[in-house]
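The next block holds one structure in the form of structure tokens; read it before the comments.
The values are calculated or read from the model by the stated rules, or taken from the named source; none is laboratory data. Please read these numbers as outputs of a predicted model, since none were measured by experiment. Here the Cβ positions follow ideal geometry from the backbone for every residue, glycine too, while neighbour counts run over all protein chains shown. For accessibility, only protein heavy atoms count, side chains too; no ligands or nucleic acids. Shrake-Rupley method; radii C 1.70, N 1.55, O 1.52, S 1.80 Å.
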Amino acid sequence: MYTAAIDRNMMADAEVMNPARAAEATAPVIRIENLKKSFGDHLVLKNISFDLEKGDAITIIGSSGSGKSTLLRCINRLEIPSGGKILYHGTEVPADAAGCNKFREKVGMVFQSFNLFANMTVLQNCEAGVRYVRHKDKKYAEEISMKYLEKVGMAPYIKAKPHQLSGGMKQRVAIARALAMEPDVLLFDEPTSALDPEMVGEVLQVMKNLVKEGMTMIVVTHEMAFARDVSTKTIFMDDGLIAEQGTPDQIFNHPRNKRTQEFLSRFRNG
């Protein structure tokens, strides 16, 4: 009893002495506060705020031009926000290049256009970030790359070049490459939009498996069934604003916002 009391007091004292660490432990993985982004006079994002908790799979839906992809690019600092804050485990993401690069090691991104290096093999594409960004040795880079290439079903193609692969295969390599960096969070920017319809399923299946394994992610998508069936939270964006957010059941079955209702009526009738 006496020892347990001492332990509790020591833990309480540690939190008092280091409030920043205590706050970090309870903070969301990513918090977006009043985020804005303008291109010239055009305001693309208008006071966007939401939290991403560990294990969340947030899907962002909405019409083209509503600001979805710009939001992801701002989160990963590929675009510099015009206002607001992005916090990672309670600490604001620094604006300098070194700080942004460190943040991107923990928050990876999968693009719709794959962005593979054409002159490298599948394995070399996956190894590149591990070796030259994380500064790991070749043996480790190969082992971790093979682990994730196997996970996405691309291990048999490690010697292939990107031009020898289908779109779906390229995207699976891109996902493996992002996973090999062992990020806390993955951002997906319409990962199936550049694929032929018959290749969409193989990429969505990989993503569904990641959700089941507890990967924390934000997915901008036009795949409404995926958003409805797989995500933990769905955000509907309209004209640079979050018009509505909630559970998939709430958004897809009981939308309250008129624009959400109009948008989803096209999905149901399509």
Quiz prompt | Amide H contacts of residue 243 (H built 1.01 Å from N, under 5 Å, at least 5 apart or other chain) | solution = 236, 237, 238
Quiz prompt | In sequence order, calculated HN-Hα J values of the range 126-136 (Karplus, 6.51, -1.76, 1.60; Hz; x Gly/Pro) | solution = 6, 6, 4, x, 5, 7, 9, 9, 7, 6, 8
Self-check item: residue 136 accessible area, 1.4 Å probe, all protein chains in place, Å² to nearest 10
Solution: 80
Quiz item: Just how much of residue 85 is accessible, in Å², when a 1.4 Å probe is used and the result is rounded to the nearest 10?
Solution: 90
Quiz item: Relative contact order of the chain: what whole-number percent is it, with Cα pairs under 8 angstrom and at least 6 residues apart?
Solution: 24
Quiz item: Can you list residues whose amide H is under 5 Å from residue 188's amide H, if they're 5+ apart or on another chain and H is modeled 1.01 Å from N?
Solution: 110, 218, 219, 220
Quiz prompt | Neighbourhood net charge (10 Å Cβ-Cβ; Lys/Arg +1, Asp/Glu -1) for residue 85 | solution = -1
Self-check item: Cβ-Cβ FRET estimate between residue 132 and residue 249, R0 fixed at 51 Å, reported to 0.05
Solution: 0.70
Quiz item: Of the heavy-atom accessible surface of the chain (probe 1.4 angstrom), what whole percent is carbon and sulfur?
Solution: 52
Quiz item: Residue by residue through the range 177-194, which ³J(HN,Hα) values in whole Hz follow from phi under the Karplus form 6.51 cos²θ - 1.76 cosθ + 1.60 (θ = phi - 60°), with glycine and proline marked x?
Solution: 4, 5, 5, 5, 6, 6, x, 7, 9, 10, 9, 10, 9, 6, x, 10, 5, 9
Quiz item: For the chain, what does the alpha-carbon gyration tensor say about shape, rounded, prolate or oblate, given a ≥ b ≥ c as the root eigenvalues, a/c under 1.5 as rounded, and a/b over b/c as prolate?
Solution: oblate
Exercise. Pull out a ≥ b ≥ c, the square roots of the eigenvalues of the alpha-carbon gyration tensor of the range 152-252, then state rounded if a/c is under 1.5, prolate if not and a/b is larger than b/c, and oblate in the remaining case.
Key: prolate
Self-check item: Residue-normalised accessible area of the chain, expressed per residue, 1.4 Å probe, Å²
Solution: 51
Quiz prompt | Rounded if a/c under 1.5, otherwise prolate or oblate - the range 179-219, Cα gyration tensor axes | solution = prolate
Quiz item: Between residue 140 and residue 155, what length comes free when the chain is fully extended (0.36 nm per residue of separation minus the Cα-Cα distance, one decimal in nm)?
Solution: 3.8 nm
Quiz item: With each label point set 7 Å from Cα along the Cα-Cβ vector, what nm distance links residue 38 and residue 184?
Solution: 3.1
Quiz item: Say R0 is 22 Å: what FRET efficiency, to the nearest 0.05, do residue 266 and residue 194 get from their beta-carbon distance?
Solution: 0.55
Quiz item: residue 103: net charge of surrounding residues, Cβ under 12 Å, Lys/Arg +1, Asp/Glu -1, itself excluded?
Solution: 0
Quiz prompt | Long-range HN-HN contacts of residue 30 with modeled amide H, under 5 Å | solution = 52, 89
Self-check item: Cα-projected label distance for residue 100 with residue 46, points at 7 Å along beta-carbon direction, nm
Solution: 2.7
Quiz item: Under the Karplus relation 6.51 cos²θ - 1.76 cosθ + 1.60, θ = phi - 60°, what is the ordered set of whole-Hz ³J(HN,Hα) values for the range 155-162, x standing for Gly and Pro?
Solution: 4, x, 10, 5, 9, 6, 9, x
